[in-house]
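Visitor: Here it is, the structure in full.
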Amino acid sequence: MELSKINWPIFLFITIYHAALLVVAPFYFYYTPPAWGIVTIAFILYFASGISITGGYHRFYSHRTYKANKLAEIILLFFGTMAGQGSALRWSHDHRIHHAHVDTEKDPYSISKGFWYAHILWLFEKEKPIEPRVVSDLLKNKLVVFQHKYYPLLFIMTNVLAFLGAGALCNDYLGAFIVVWWLRLFFLHHCTWFINSLAHTWGSKSYCKEISAVDNYIISLLTFGEGYHNYHHSFATDYRNGIRWYHFDPTKWMIWLLAKMGLANNLKVIDTYKVQKRIIKEDKNILIEWVRQISYIKVDVLEAKIHETADNIVKKIAEMNALVDEYRQHKKQKAQKDTLQALRIEIKQMKKNLYQDWKDWLQLVNDIMKIQPLSA
Ligand SMILES: [Zn+2]
Ligand SMILES: [Zn+2]
């Protein structure tokens with residue numbers, strides 16, 4: 001990297017605190033291990049600042065997946081500031097460009113430039129100016145503009161407050177300084193950076209094969225639920241990243257909880273059938289490619305079966321959506337109870353049929369992928 005292109009303040013900040021931790025932490029832990037109180041506070045603040053990045057900077061500001069009231073926004077912005085990842089404006093700006101131009105030259109943390117570039121090295125490059133059209137909505141938000149203007153000062157203030165508070169509470173200022181501030185920041189930085197590096201490298205692609213983003217639940221454990229990254233890149237307006245109830249996505253649970261407390265609303269969810277349609281489209285291409293490699297059975301018969309099963313489901317989903325629309329229309333016009341009831345029963349039956357078709361499709365995928373080509 002050319003010296004003139006280096007973002008010196010960020011480069012020095014990150015390298016110096018990493019080096020200092022590397023030297024100081026072993027001695028510190030050996031001679032004066034921190035009290036449990038310090039570790040607990042560090043963990044709580046780690047969680048609060050981390051989830052304010054994923055739930056605040058990412059899903060609220062960058063993607064507008066839900067609406068938050070001012071109190072919730074201030075809390076998210078406060079802890080987000082403490083996370084040391086720049087202002088919400090800059091973060092959202094870069095992230096929106098990442099989504100729009102993923103894996104290309106314009107992607108600010110493109111994985112095509114290597115794992116370490118996407119993880120940390122991109123931060124050492126001089127920032128490109130903020131394009132107002134990318135964040136025109138956020139530029140109207142006074143809180144966001146204020147935080148952007150005074151970010152370095154606010155970062156220091158929030159962290160000094162946290163470390164002094166923890167130090168006073170546990171009577172251990174050194175422990176608070178090292179563990180609550182810098183060690184927490186270290187783990188937080190790397191776990192967030194994993195979303196740009198690991199979550200674009202290691203995992204599966206169920207929703208879109210053309211992009212580098214992957215789904216990996218282990219990454220979700222480290223990133224407050226952001227490991228379902230292939231889904232996220234495919235359906236970025238969904239407030240969830242892990243769409244199944246058992247998917248580990250604490251950010252989704254936090255947003256849901258905010259809504260239950262009346263602090264958030266308008267949580268955007270992508271329709272299940274839309275997601276299924278996408279999966280079928282992706283699977284279909286792979287299956288067709290796969291059967292064409294198999295020379296010893298009737299490829300055209302299999303291909304026809306794949307098309308028939310997939311097209312049938314897509315058709316049924318369209319029919320069901322039309323029926324749901326019809327139901328809504330009738331409801332709006334205050335139709336008779338019997339008509340509404342009949343439509344409801346029909347929709348329920350269609351959903352049941354679709355569930356069976358979906359299971360048949362998964363079985364077909366499974367069966368076909370088990371067939372080995374002759375050369376194997
Ligand atoms: Zn990404
Ligand atoms: Zn995103």
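Rule-based calculations on the coordinates, nothing more; no lab input. Quantities reported herein were computed from a predicted structural model and do not represent experimental measurements. Because the Cβ atoms are built from the backbone with ideal geometry, glycine has one as well, and the counts that use them run over all protein chains shown.
Visitor: Given +1 on the Cβ of Lys and Arg, -1 on the Cβ of Asp and Glu, and no further charges, what dipole in debye does the chain carry about its Cα centre, rounded to the nearest 20?
Guide: On the way: 44 positive and 32 negative charges, 255 e Å.
With Lys and Arg at +1 and Asp and Glu at -1, about 1220 debye.
Visitor: Using modelled backbone amide H atoms (1.01 Å from N, in-plane), which distant-in-sequence or interchain residues come within less than 5 Å of Tyr228's amide H?
Guide: The list, which skips near neighbours in sequence, is Asn216.
Visitor: Grab the other residues whose beta carbon is less than 12 angstrom from that of Val269, score K and R as +1, D and E as -1, and report the net.
Guide: Working: positive: Arg240, Lys252, Lys268, Lys274; negative: Asp238, Asp271.
Local net charge: +2.
Visitor: Label point 7 Å out from Thr32 along Cα-to-Cβ: which residues of the range 148-176 have amide N under 17 Å?
Guide: Residues 163-176 qualify, since their backbone N sits under 17 Å from the label point.
Visitor: Also, I was wondering about something else. Could you work out [θ]222 nm for the chain from helices alone, using -39500 (n - 2.57) per DSSP H run of at least four and dividing by all its residues? Round to the nearest 500 deg cm²/dmol.
Guide: On the way: 15 runs with 229 residues, N = 376.
Here the helix-only value at 222 nm equals -20000 deg cm²/dmol.
Visitor: The range 137-168 to the range 246-281: how many Å between their Cα centroids?
Guide: Centre-to-centre (Cα) distance: 29 Å.
Visitor: If the viscosity is 1.002 mPa s and the temperature 20 °C, what Stokes-Einstein diffusion coefficient in µm²/s follows for the range 1-107 when Rh is the Kirkwood radius over Cα pairs?
Guide: Details: Rh = 16.5 Å.
Estimated via Stokes-Einstein, D reaches 130 µm²/s.
Visitor: Next question, about the same structure. Please state the shape class of the range 153-215: rounded when a/c is under 1.5, otherwise prolate if a/b exceeds b/c and oblate if not, all from the C-alpha gyration tensor.
Guide: prolate
Visitor: How many angstrom lie between the Cα centre of the range 282-342 and the Cα centre of the range 23-60?
Guide: 48 Å
Visitor: While we're here: If you average 1/r across every pair of different Cα atoms in the range 272-370 and take the reciprocal, what Kirkwood value do you get, in Å? Write down the numbers at each step before the final one.
Guide: On the way: mean 1/r = 0.0659 Å⁻¹.
One decimal place: 15.2 Å for the Kirkwood radius.
Visitor: Using 28 Å as the Cα-Cα cut-off, could you pick out the over-long pairs in Lys274/Lys298; Lys277/Lys348; Lys149/Lys268; Lys305/Lys351; Lys126/Lys209? Present the calculation step by step, with values, prior to reporting the outcome.
Guide: Details: Lys274/Lys298 32 Å; Lys277/Lys348 19 Å; Lys149/Lys268 30 Å; Lys305/Lys351 22 Å; Lys126/Lys209 31 Å.
Violating the 28 Å limit, Cα to Cα: Lys274/Lys298; Lys149/Lys268; Lys126/Lys209.
Visitor: Also, I was wondering about something else. Mind jotting down the three principal axis lengths of the chain based on Cα atoms? Whole angstrom, largest first.
Guide: Answer, in whole Å and largest first: 69, 63, 43 Å.
Visitor: Another question, then. Only loop residues by DSSP count here, and only those with at most 16 other Cβ atoms within 10 Å; note down the trypsin sites (Lys or Arg not before Pro) in the range 236-309 that meet that.
Guide: Answer by residue number: Arg244, Lys268, Lys298.
Visitor: Looking at the range 146-182, which chymotrypsin sites (Phe, Trp or Tyr not before Pro) are DSSP coil and have at most 16 other C-beta atoms within 10 Å of their C-beta?
Guide: Working: sites: Phe146, Tyr150, Phe155, Phe163, Tyr173, Phe177, Trp181, Trp182; in loops: Tyr150.
Loop-located and lightly packed - Tyr150.
Visitor: Let me ask something additional. Just how large is the dipole of the range 272-370 about the Cα centre, in debye to the nearest 20, putting +1 at every Lys and Arg Cβ and -1 at every Asp and Glu Cβ?
Guide: Details: 21 positive and 15 negative charges, 129 e Å.
Magnitude of the dipole: close to 620 debye.
Visitor: Continuing with this model, one more query. Calculate, in whole percent, how much of the Cα-Cα pair population of the range 44-130 lies beyond 17 Å. Spell out each step's value before the answer.
Guide: Working: 1921 of 3741 pairs.
Within the range 44-130, distances greater than 17 Å cover 51 percent of Cα pairs.
Visitor: Could you give log10 I(q)/I(0) at q = 0.17, 0.25 Å⁻¹ for the range 90-182, computed by the Debye formula over C-alpha point scatterers of equal weight, without solvent?
Guide: -0.88, -1.13
Visitor: Hey, if you put +1 on the Cβ of every Lys and Arg and -1 on every Asp and Glu Cβ in the range 3-265, which of Leu3, Tyr109, Trp202 ends up farthest toward the positive end of that dipole?
Guide: Farthest along the dipole direction, towards plus: Tyr109.
Visitor: May I ask you to order 340-353, 84-97 by the average number of other C-beta atoms within 10 Å around their residues, highest value first? Before the final figure, lay out each step's value.
Guide: Working: 340-353: 13.0, 84-97: 22.4.
The densest-packed peptide leads the list: 84-97, 340-353.
Visitor: A follow-up question, please. Roughly how many debye, to the nearest 20, is the charge dipole of the range 126-189 about its Cα centre, given +1 on each Lys and Arg Cβ, -1 on each Asp and Glu Cβ, and no other charges? Don't skip to the answer; put the middle values down first.
Guide: Numbers: 7 positive and 4 negative charges, 61 e Å.
Dipole of the range 126-189, to the nearest 20 debye: 300 debye.
Visitor: Please express the Cα-Cα pair-distance distribution P(r) of the range 305-352 as a list of whole percents, one per 10 Å bin, running from 0 to the bin with the greatest distance.
Guide: 26, 43, 21, 9, 1
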